[in-house]
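Novice: Let me give you the structure first, and then I'll get to my questions.
All of the numbers you see were taken from the coordinates with simple rules; none came from a lab. This is a predicted model, so every value here is computed, not measured. Don't worry about glycine lacking a Cβ; one is built from the backbone with ideal geometry, like all the others, and counts go over all protein chains shown.
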């Protein structure tokens with residue numbers, strides 16, 4: 001059988017030959033080089049057209065060896081491309097990708113196994129780094145020593161980084177105030193396990209602590225007694241809901257996030273209770289399927305897209321100027337209350 005050879009990849013020389021200019025001119029046009037370099041618009045367009053016709057794409061790794069910039073941004077912190085990128089992070093990532101693309105940056109990522117440090121800087125050169133859902137400052141020691149500008153989204157940064165985080169205390173206050181205005185006094189906060197097999201993770205993310213602490217503070221501020229079941233992360237959704245309603249007499253439940261809220265909703269319905277007639281339910285994250293379930297869920301919207309916009313803008317400015325202001329090291333983005341049909345005054349009110 002005759003051997004087939006792989007098609008030859010277009011080279012810079014091919015683009016130069018087709019457009020009738022020097023190879024150095026092609027390189028400058030394709031890399032948007034403007035310092036001490038001018039070219040007529042029609043010649044620039046001829047180079048761009050030739051590159052498109054030939055299917056030529058500059059190799060970012062070769063380009064990074066020749067220039068101080070790589071035009072690459074690393075996205076780290078993801079264990080997989082499913083669960084860890086949903087909800088708030090998904091909206092933030094999508095907006096950041098749009099912003100970086102507008103400024104001719106490519107984004108790279110690696111999905112690491114369980115034995116690898118998911119917050120370590122990449123092994124290739126990049127101009128900047130986005131960290132998704134960091135938790136502890138100590139996780140970022142290697143990254144902090146790398147000298148590369150980095151911004152954490154939905155999590156804290158270490159000493160030399162910056163972070164954009166949701167204002168969970170403010171959002172929790174909105175939730176408790178909403179339920180209080182409806183007349184609820186027995187309000188539970190639940191962060192439960194997904195199943196008996198799922199590991200107990202009391203502090204799997206910084207928002208676990210901030211939302212719990214904010215719940216306790218908001219309840220106290222309203223003259224209400226926080227429920228101890230909020231501190232028991234060993235409970236499954238079924239167990240947590242039963243404890244809140246049967247042991248503590250809860251008439252309203254604030255779920256840690258939207259996925260847990262769906263489980264809490266199912267558990268309430270399996271108990272033969274109605275939402276919101278018997279129990280009101282509210283959660284963090286206005287993400288699918290909050291609006292599609294029956295009844296649609298009242299929620300605290302965590303503004304992922306706004307966080308992504310702020311993080312991208314901050315990193316772009318940092319990479320351009322080489323520094324950022326001290327006031328930009330931590331940016332808090334306020335949350336908002338979305339009232340739907342899962343909350344109502346308590347029965348008999």
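Novice: As a test, work out the antiparallel percent of DSSP beta bridges whose residues both lie in the chain, rounded to the nearest 5.
Specialist: Restricted to the chain, the bridges split so that about 10 percent are antiparallel.
Novice: Follow-up question, since we're still on this one. Can you put 130, 338 in order, fewest other beta carbons within 10 Å first?
Specialist: 338, 130
Novice: List, largest first, the extents of the alpha carbons of the range 168-302 along their principal axes, each in whole Å.
Specialist: Projected onto its principal axes, the Cα set of the range 168-302 covers 36, 32, 30 Å.
Novice: Can you sort 343, 236 by how many other beta carbons sit within 10 Å, fewest first?
Specialist: Ascending number of Cβ neighbours within 10 Å: 236, 343.
Novice: Next question. Exposure proxy check: 107, 21 ranked by fewest other beta carbons within 10 Å?
Specialist: In increasing order of surrounding Cβ atoms, one gets 107, 21.
Novice: Based solely on its DSSP helices, what 222 nm [θ] is calculated for the chain when runs of n ≥ 4 H residues each add -39,500 (n - 2.57) and the sum is averaged over all residues, nearest 500 deg cm²/dmol?
Specialist: For the chain, the value works out to -11000 deg cm²/dmol.
Novice: Another question, if that's okay. Please work out the Cα center distance from the range 243-322 to the range 327-345, rounded to the nearest Å.
Specialist: Taking the Cα centre of each part, the range 243-322 and the range 327-345 sit 10 Å apart.
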